[in-house]
Amino acid sequence: MKIKLKKIRIYAFTLLAVLASAQELCAADMPGESTETPVVADAVEGGGVQLEEFSRKIEQRTFVPKGQWVAGLSVSFSQSNQNNYSFLIVEGIDGDTYSFKATPMLCYMVKDDMGLGGKLEYSRNRIRLDNADIVLDSETDYSNENLYSISQGFSGMGIFRNYINLGRSKRFGIYNEVQLKLGYTESKLSNGTGKDFTGTFSRSYSAGLAVAPGLVVFLNNYSALEVNVGILGFNYNYTKQITDQVKIAHLHTKSANLRLNLLSISFGVAFYL
């Protein structure tokens, strides 16, 4: 039995060797096929090869040169008045609101198309609501009268800017701005009259990191219009509230967002000196 098993193994190894040799011979005789990976190369004298150079044909041009100062200002203002106005479930709205924000900016180009600088921001908002009725159905409604709110805030931020030109154009370009922001806001809220009067005073401290890409259009060699919008942001906010000089409350909030916020679109003018 052992002799037969040895013979079977010898026959099996011999058959495998024959099949392998036949496969190599067939591959060598077949025209137009090769088992080697082709290499793109040009033959040169001496039997050597030279790889072909590949160019992506991307032209990189300087949009804002090193050593240039960039100064800018962004201002926004809005105001509205309501007289017996209705919106969804809120009816009989009487009051007025306004908001104002100004943001000066200064940046120095430490390298071609790369700059470091800072921004200052001041904002002020006011809401005066004389009357408003919240109507849920024919039997359920709430009335709110003599609501007054006013707030103002100050903030400073360090910025890093990177410019990219669009094609060969020196007039149109895009930029990305990374912002590190620290802010302070104080606000007052009052409601009611007489014995029903109540008021709350708040102080808020905030810190955040944001990414704001934008578009720049040069009007001439020294001035340009800018539009930017926030996409990515991380924020931390601490608020301390005092109600009627008796109750004290503390609020800590943390948030992160990765979305296109159309409400954060900012328009401004910049001067390149």
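The values are calculated or read from the model by the stated rules, or taken from the named source; none is laboratory data. It should be emphasised that the depicted structure is a prediction, and the values quoted were computed from it without experimental measurement. No Cβ is skipped: glycine too gets one built from the backbone with ideal geometry, and neighbour counts run over all protein chains shown.
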Say whether the condition of being free of Cβ contacts under 8 Å to residues at least 24 places away in the same chain and either more than 24 Å from P104 (Cβ to Cβ) or surrounded by 15 or more Cβ atoms within 10 Å (Cβ to Cβ) (or both) is met by at least one residue in region 172-181.
no
Wholly enclosed strands (runs of 3 or more DSSP E) of region 186-270 bearing at least 1 residues in contact with a strand residue (DSSP E or B) (Cβ under 7 Å, 6 or more places away or on another chain) and free of Cβ contacts under 8 Å to residues at least 40 places away in the same chain:
198-218, 232-243, 247-258
Only one of S204, S187, S266 is under 30 Å from S149 (Cα atoms), modelled with pLDDT under 85, in the same structural domain as M109 (by TED's automatic domain parsing) and of a type outside the set (A, V, I, L, M). Can you tell me which?
S266
Options I93, I89, I58: the member that is loosely packed, with under 11 Cβ neighbours inside 10 Å and at pLDDT below 85
I58
